[in-house]
1. Roughly how many nanometres apart are two label points built 7 Å out from the Cα toward the Cβ at residue 158 and residue 105?
2. Take peptides 110-116, 120-126 and line them up by average Cβ neighbours within 10 Å, highest first, as a rough protection proxy.
3. Rule-of-thumb check for the stretch 142-187: C-alpha Rg over 2.2 N^0.38 Å?
4. Apply 1/(1 + (r/R0)^6) to the Cβ-Cβ distance of residue 76 and residue 165, taking R0 = 45 Å, and write down the FRET efficiency to the nearest 0.05.
5. Efficiency by 1/(1 + (r/R0)^6): what FRET value for residue 176 and residue 119, r their Cβ-Cβ distance, R0 = 41 Å, to the nearest 0.05?
6. Size of the stretch 40-132 along its principal axes in angstrom, Cα-based, largest extent first?
C-alpha cells in the first residue's frame, strides 16, 4: 500500500473541512424557520392573481394590449408557460415602474409579495421543465456503429461506404433528434 503524500492529505483534510462547514450551515438553515415576509394568505395564488387582475389587467388586457402584453385570464400554471413575459414583469415591478406613476398602486407589501410569488412560480416552472422534456430514443451514428462492430466482432470496415450519411443537429452527428429512424432512412 502506498503512503499518501502531504498534498494529498492536505486536499483530503480541506475537502473534509469544507463538507463539515457546508453540512453544518445546511443543518442550521434547516432547523430555524425562515422568516416570512408576507402572510400565507397573501402568498396564495388566488390572492396574487387577484392583485394582477386588479392592478395590471386594466392596461394589459386582450383589447388594449399595452406593450403587446395581456394578463387577462392568466392562471398560476400560465406563469411558467409565459416565463419571458413574466420575467420582464418582475423586473418592472421590482423597479417600481409598473403600475405606472399616477395609476392605482397596490397597498403595503403587496408588490413585494407579488414579486416573490412570481419569482417562486418562475423558479418552480424552470425546475419542472426538465421533467417534461421528451426522451428520444435514437440509433447509433455511422462511426458508433462501426466502433461497435469492431469491438464485438473484431471486424474493421468503412461505415461511410455501407451506411447512409448521418444528419447533423447543432454541428453534431450524435444528437438523438437527428438520429431518428424514419421510413425514408430505412429505404436508403
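Since every read-out is calculated from the coordinates, none of them should be taken as a lab result. Note that the structure is predicted; figures quoted are calculated from it, not measured. Cβ sites come from the backbone with ideal geometry, for glycine too, and all protein chains shown count toward neighbours.
1. In this crude label model, residue 158 to residue 105 measures out at 7.6 nm.
2. On the way: 110-116: 18.3, 120-126: 15.1.
Packing proxy ranking, top to bottom: 110-116, 120-126.
3. Values: Rg = 11.7 Å, N = 46, 2.2 N^0.38 = 9.4 Å.
Taking the Cα Rg and dividing by 2.2 N^0.38 Å, one obtains 1.24.
4. Details: r = 47 Å, r/R0 = 1.05.
Efficiency, rounded to the nearest 0.05: 0.45.
5. Values: r = 33 Å, r/R0 = 0.80.
Taking R0 as 41 Å, the efficiency between residue 176 and residue 119 is 0.80.
6. Answer, in whole Å and largest first: 43, 31, 22 Å.
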